1. Can you tell me the FRET efficiency between B:Ile155 and A:Arg27 if r is taken as the Cβ-Cβ distance and R0 is 35 Å, rounded to the nearest 0.05?
2. Using only the alpha-carbon atoms, what does region B:37-100 span along each of its principal axes? Please give whole angstrom values in decreasing order.
3. List the extent of the Cα atoms of the protein assembly as shown along each of their three principal axes, largest first, rounded to whole Å.
4. How big is D, in µm² s⁻¹, for region A:42-179 by Stokes-Einstein at 20 °C and 1.002 mPa s if Rh is the Kirkwood radius over C-alpha pairs?
5. With point charges of +1 on the Cβ of Lys and Arg and -1 on the Cβ of Asp and Glu, referenced to the Cα centre of the protein assembly as shown, which listed residue (A:Leu108, A:Phe16, A:Ala153) lies farthest in the positive direction of the dipole?
6. For chain B, what does -39500 (n - 2.57) per DSSP helix run (n ≥ 4), summed and divided by total residues, give at 222 nm, in deg cm²/dmol to the nearest 500?
7. Which percent of Cα-Cα pairs in region B:12-150 sits in each 5 Å bin, short to long?
8. Between the helical axis of B:143-170 and the dominant principal axis of chain B, each derived from Cα atoms, what acute angle in degrees is found, rounded to the nearest 10?
Amino acid sequence: MKVPLYLAVAQWMLLFAFGLLLIVVFRQLGRLLHKDDATAPFGPAMGSKAASLEYSRFADNTVQYLTPGDGQPILLAFVEPTCPSCEQLVLALGTAEHAGELSGLRVLLLTSSPKSYLKVSDAFRATRLECGRILAQATTQVYGATSTPLLVAIDRDGVVRAAAPAIQLAEVRAFSRACLLPPDKGESIPITAAAPQHENDLEAAAPAAGAD
Amino acid sequence: MDVLVLCAKTALACLLIVAGGAKLSDPASFASAVRLFIPFRVSWPLLSATAVGISLGELGVGLASLTLPAITALNALVFAIACAFVAVSAVGYAFHRGRSCRCFGALSQRRFDAAGVLRSAVIAGVAAVALAHVGGAALQLGATARTLLFAAAGILAVAAFTAARVRGTRNEPGPEVAAQ
């Protein structure tokens with residue numbers, strides 16, 4: 001029986017494509033075996049340039065592009081509505097905001113959960129702080145947000161001045177001070193990082209299209 | 001000559017299947033790349049739906065091109081898509097240089113650059129080769145062969161989806177720090 005030429009060519013091409021994908025998967029599996037997430041750094045390195053990121057703002061359901069270093073200090077909180085420690089942090093941030101202690105800062109709550117999840121938490125539902133959903137999975141990787149809550153202080157030059165889990169109002173105040181460090185000051189404010197309160201894999205909960 | 005044309009045709013079909021499958025693994029990320037080409041404000045659900053639509057379109061055209069080789073209109077459609085790739089690469093290079101193109105979802109870390117425009121031009125060239133006429137006998141496929149090809153193409157799409165998902169969650173480079 002004679003095989004049509006097209007079928008023969010298509011078979012080889014599919015085989016080639018499968019081979020390429022197999023190489024990609026095996027290469028990645030090899031990397032996974034050598035890299036344990038437990039050894040991965042938590043939070044971005046202090047003194048490093050903060051990465052830009054995109055998020056979907058819950059207030060008006062628009063995509064926003066955050067560019068650290070545009071002259072405004074940023075206090076970034078990676079939080080999840082289902083995480084009790086994150087609720088404490090959101091309450092602390094709200095208190096500080098209400099007291100005017102965060103004036104001059106752009107405070108942004110980032111979550112991997114859809115907007116509907118905010119309903120499960122009184123703190124998230126009531127907060128007037130800007131809140132959005134992370135769009136690219138890469139964002140959590142870049143910021144080392146492997147667990148929540150994570151608070152990141154970024155100065156007006158886009159340099160990370162502090163990054164650690166935080167819950168208390170005092171910690172929020174320390175982070176806000178870190179945000180306002182003068183640009184010429186080379187060192188960052190050391191903030192003792194407590195152990196993450198809530199292991200919440202942000203990557204696993206990465207946003208799915210149109211879930212909002 | 002026929003072998004060359006058929007190689008071009010099947011290679012492009014596989015490329016579209018892999019690109020579509022990989023993009024579907026992380027539509028939110030691809031949507032952020034799509035947003036670069038929309039000059040006005042678009043709601044996220046619409047943007048996301050557009051990204052999924054483009055991914056499904058690529059996947060569908062790839063599947064159809066691979067399993068229905070006798071339909072020559074599909075070759076023209078693939079060529080048109082390849083030309084669109086060139087246009088997107090060129091616009092991306094002109095206005096969003098250095099930003100990730102997400103052309104293959106998380107499978108590729110390519111960004112909008114001159115090499116990307118060249119790659120797209122090569123793809124368009126290959127698509128032009130695939131437009132060449134091939135004798136009908138070479139394209140005769142029975143129902144069984146067609147079904148098997150469709151199944152293999154489906155598995156290829158799933159493999160691309162899975163591979164991109166693994167890479168996407170573990171090995172993506174961060175968004176570049178660049179003033180907008």
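Throughout, read-outs are computed from the coordinates displayed, never taken from laboratory work. For clarity, every value in this text was computed on a predicted model and none was experimentally measured. Here Cβ is always computed from backbone atoms with ideal geometry, including for glycine, and neighbour counts include all displayed protein chains.
1. Given R0 = 35 Å and the Cβ-Cβ separation, E is 0.95.
2. Over region B:37-100, Cα extents along the principal axes are 41, 27, 18 Å.
3. Projected onto the principal axes, the Cα atoms of the protein assembly as shown cover 81, 37, 36 Å.
4. Calculated translational D: 148 µm²/s.
5. Working it through, the farthest residue towards the positive pole turns out to be A:Phe16.
6. Result for chain B: -24000 deg cm²/dmol, rounded to the nearest 500.
7. Taking every Cα pair in region B:12-150, the percentages come to 2, 10, 17, 21, 20, 13, 8, 5, 3, 1, 0.
8. It is inclined by approximately 20 degrees.
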